[in-house]
Amino acid sequence: MGELSELVYLVDDEPAILKALGRLLKANGIETRSFLTARAFLEAYDPQRPACLILDLELTDMSGLELQRTLSERGWTHPIVFLSGHADVTRSVSAMKNGAVDFLTKPVRRMTLLAAVRNAIKRSRTDQASSRQHDQVLQRCSQLTRRECEVVDGMASGLMNKQIAANLGIVEKTVKVHRARAISKLGCRSSFELLHLVNSAPGILPLTRTFDGAPAEGTHPSKEPPPMGAVRRTTSLG
């Protein structure tokens, strides 16, 4: 089955506005689902589907800001565009600080609303793609052995092979073997590509930092201090 297209949820307690918004978006090829209350939306929305939310600031059962907080607590990460009958600076700032992508004042111009929705959909697609990429990298990293993680960690810390070997108490040739295996498992073609992958998603290695403090449990670092120049760099192709 193909991926589901983005859906725009509309939540507004004024039926006429809800109907007008739905007609406008549907006329521009955008799928929508409409709700008159926050609770009705909370009972029906699909948290797994890519979506954005057009949300009235003042609802009969709870405010738009309260609904935004509730969604955040539930793990909602999709874009929210707020609509308000008044230019409310304080609440608009609060909404934006909590992740809203836009705050529009009613009556909103058609082109302004469409631009905001399209921007929200674009952001939703970007976020979904980034999430999928992170999950893929995480899955690949889970295949690394502990020693391979330690070697990659050393590379990401800017150390050369001989410096990593000294820290781990192994020979440089063994470091190269672990590095090559890590490159293969992560689907990379070079050390540079591996480092780019790891640095693009901090915290993905299933290992606490080995070279920012004490060695990881089970390693046998050299009694001698690390070689001079063991400082962090952005690449390490040694």
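The values are calculated or read from the model by the stated rules, or taken from the named source; none is laboratory data. Note that the structure is predicted; figures quoted are calculated from it, not measured. All Cβ positions, even for glycine, are placed from backbone atoms using ideal geometry, and neighbour counts span all protein chains on display.
Check whether at least one residue in the stretch 62-73 is more than 27 Å from R110 (Cα to Cα) and in a loop (DSSP other than H, G, I, E, B), and report yes or no.
Taking every residue of the stretch 62-73 in turn, none turns out to be more than 27 Å from R110 (Cα to Cα) and in a loop (DSSP other than H, G, I, E, B).
Among residues belonging to the stretch 25-58 that are of a type in the set (K, R) and in contact with a strand residue (DSSP E or B) (Cβ under 8 Å, 6 or more places away or on another chain), point out the one that is farthest from L113 (Cα to Cα).
R49
Can we say E6 is more than 21 Å from R109 (Cβ to Cβ), within 24 Å of the chain's Cα centre (by Cα), crowded, with 17+ Cβ neighbours inside 10 Å and modelled with pLDDT under 95?
yes
When you go through L168, L144 one by one, which is the residue that is in contact with a helix residue (DSSP H, G or I) (Cβ under 8 Å, 6 or more places away or on another chain), at pLDDT 90 or above and hydrophobic (A, V, I, L, M, F, W, C)? Walk me through how you get there before you give the answer.
Details: L144 fails: at pLDDT 90 or above.
Going through L168, L144 in turn, just one is in contact with a helix residue (DSSP H, G or I) (Cβ under 8 Å, 6 or more places away or on another chain), at pLDDT 90 or above and hydrophobic (A, V, I, L, M, F, W, C): L168.
Before we move on, is I80 surrounded by 21 or more Cβ atoms within 10 Å (Cβ to Cβ) and in contact (Cβ under 8 Å) with a residue 60 or more places away in the chain?
For I80, the condition - surrounded by 21 or more Cβ atoms within 10 Å (Cβ to Cβ) and in contact (Cβ under 8 Å) with a residue 60 or more places away in the chain - is not met.
Which of the residues that make up the stretch 87-126 are modelled with pLDDT under 85, more than 23 Å from the chain's Cα centre (by Cα) and in a helix (DSSP H, G or I)?
Within the stretch 87-126, V89, T90, R91, S92 meet the criteria.
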